[in-house]
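Nothing in this text is a laboratory measurement; each read-out follows from the coordinates by a stated rule. Worth saying up front: this structure is predicted, and the values here are computed from it rather than measured. Here Cβ is always computed from backbone atoms with ideal geometry, including for glycine, and neighbour counts include all displayed protein chains.
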Amino acid sequence: MKFDPERLNYWKCPDCLTTCTIKEKDCMIQGYFGIRPAETACACGGKMEHMGYVTQSKWFNKTEEKCACDERCTHAQGPSCDCKCNGANHGTGMTIEIITETGKIRIKEISPEAIRRAEEFRAAKAKMSDTFNHRFGELYEKKRQGIFIDGDEYWAWQRAIATYNRACFGKIHSRRMKKINDLTTLWRT
């Protein structure tokens, strides 16, 4: 995709859940391998996530690169190809740009409520992280030192990590706060 300094890009803060648009010249870096999102900070202090660019049709698009065919075919090491491309993409390593229209643009200014949500989320996440480390820190140290961990303990720890991540990446503030508070209470016992 060509660099367009005036094109708007859509961003979302995972902390306060606020969305906004920023001109490409202010948020993208043009480098040797194309353009990429720069690190962008939200007014609440969180790190913004790039969601795609805005088009004139009032829809924003998510752009990603994928293999032209199938990764097994596109990155193949041998001559045998039995997929839908009939050998056209075989072993080429080619990728194509996929642009997905994902919805109407909603531009919002950051509100004091969003800043409050972000601060509440970060405080609860830090508290949950401390509780998690208190509960599972010993297992982490054992694994880091190469000491054997019992299967039941290990899988309980892995389930806890997955649950921790699901709670942190929730997109609805009230639900993620409930999950975080429930996990903090559970891991204290």
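Here the convex hull built on the C-alpha positions of segment 112-188 has a volume of 83 cubic angstrom per residue. Summarising the amide proton neighbourhood of N9: residues at separation of 5 or more, or on other chains, whose placed amide H is nearer than 5 Å comprise I22, K23, E24, V54. Restriction of the trypsin sites (Lys or Arg not before Pro) in segment 143-189 to DSSP coil positions whose beta-carbon has at most 11 other beta-carbons within 10 angstrom yields K171. Percent of alpha carbon pairs in segment 150-189 separated by more than 15 Å? Roughly 45 percent, rounded to a whole number.
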